[in-house]
Amino acid sequence: VGSEMCIRDSTFTAPCTRTCAAVVSRTKPPVVRSGMRNLKVLKTTQSGYEGFLVDKHTALKDTRERILATAVDVDWTWSKKPKCYGGAYRQVYEALTEMFFGNPNTGVYSPSVQYTLYQMGTAAVTRVDGLEQITLTAPNLHFVPANPPGVGPFADDVYVATSEPHGQITVSYTHLTL
């Protein structure tokens, strides 16, 4: 987080691609939408999949220990122009990564991708002045324990990446002004 990263968590040195779109009208104030694409994040501990709705379509079992990996696309709108778009972008990035990874010494538990995305969006809107609304979209990327044929069972330390069962998770958070 910030300049510190815990060894059990990871993001890439080129974390994502910045985006921006502006709509300008003669009769209305400009609308600016900023964002980032492909923010790749990984938690190897302190991540579970629990407390969700269970029905006949549920394919995964509750667990308090699983690998959480995804590539998040994030978009946000401004209620007012920030002092510096670059500085505001860094604040959003820091809020997102701090809520995903937690303190470098202790981490933070994630009961689900949905919960963690909501916490990330809430932190960004709460911390960054003028940020009105944020949407985070992330695919499920699963890592399942592997037991190759003809080899004795591993102690859940070899994993195979898969996108199945597939899901696209979208979370939006809006700052309400009363």
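The values are calculated or read from the model by the stated rules, or taken from the named source; none is laboratory data. None of these values were measured; they are calculated from a predicted model. Quick reminder, even Gly has a Cβ in these numbers, built from the backbone with ideal geometry, and neighbours come from all protein chains shown. These area figures cover heavy atoms from the full protein model, side chains too; ligands, DNA and RNA do not enter into them. Shrake-Rupley method; radii C 1.70, N 1.55, O 1.52, S 1.80 Å.
Given the options P30, P82, P104, state which has the largest fluctuation in a GNM of the chain using a 10 Å cut-off (strictly under) for Cα springs. Most flexible of the set in this elastic network: P30.
Considering the chain as a Gaussian network with a 10 Å cut-off on Cα pairs, which listed residue, D75, D55, D129, attains the greatest mean-square fluctuation? Of the options given, D55 has the highest mean-square fluctuation. Remark: the V151-H166 segment gains 2.5 nm on full extension, using 0.36 nm per residue and subtracting the alpha carbon distance. For the peptides 57-64, 31-38, the ranking by mean Cβ contacts within 10 Å, running from highest to lowest, is 31-38, 57-64. Structure remark: mean-square fluctuation, Gaussian network model of the chain, C-alpha springs under 10 Å; the largest value among F52, F100, F143 belongs to F52. Taking label positions 7 Å along the Cα-Cβ direction at both T58 and R26, the computed distance is 5.8 nm, reported to one decimal. Remark: the chain carries 61 Å² of accessible area per residue (probe radius 1.4 Å; ligands, DNA and RNA excluded).
Going 7 Å from the Cα of E132 toward and past its Cβ, which residues in the range 78-104 have a backbone nitrogen under 15 Å from where you end up? Flagged as within label range: 78-82.
Normalised by the number of residues in the chain, the average gap of Cα pairs under 8 Å and 6 or more apart makes the relative contact order 21 percent. Against the criterion of solvent-accessible heavy-atom surface with a 1.4 angstrom probe, V160, V41 sort, most first, into V160, V41. Express in whole angstrom the spacing between the alpha-carbon centres of the range 73-130 and the range 24-49. Each part reduced to its Cα centre gives a spacing of 9 Å. The H on the amide N of Q133, modeled in the peptide plane, is under 5 Å from the matching H of T77, H175, each at least 5 residues off or on a different chain. The calculated 222 nm mean residue ellipticity attributable to helices in the chain amounts to -6000 deg cm²/dmol, summing -39500 (n - 2.57) over DSSP H runs of n ≥ 4 and dividing by all residues. With q set to 0.13, 0.18, 0.29 Å⁻¹, the log10 of I(q)/I(0) for the range 94-146, from the Debye formula over equal scatterers at the Cα positions, is -0.37, -0.65, -1.18.
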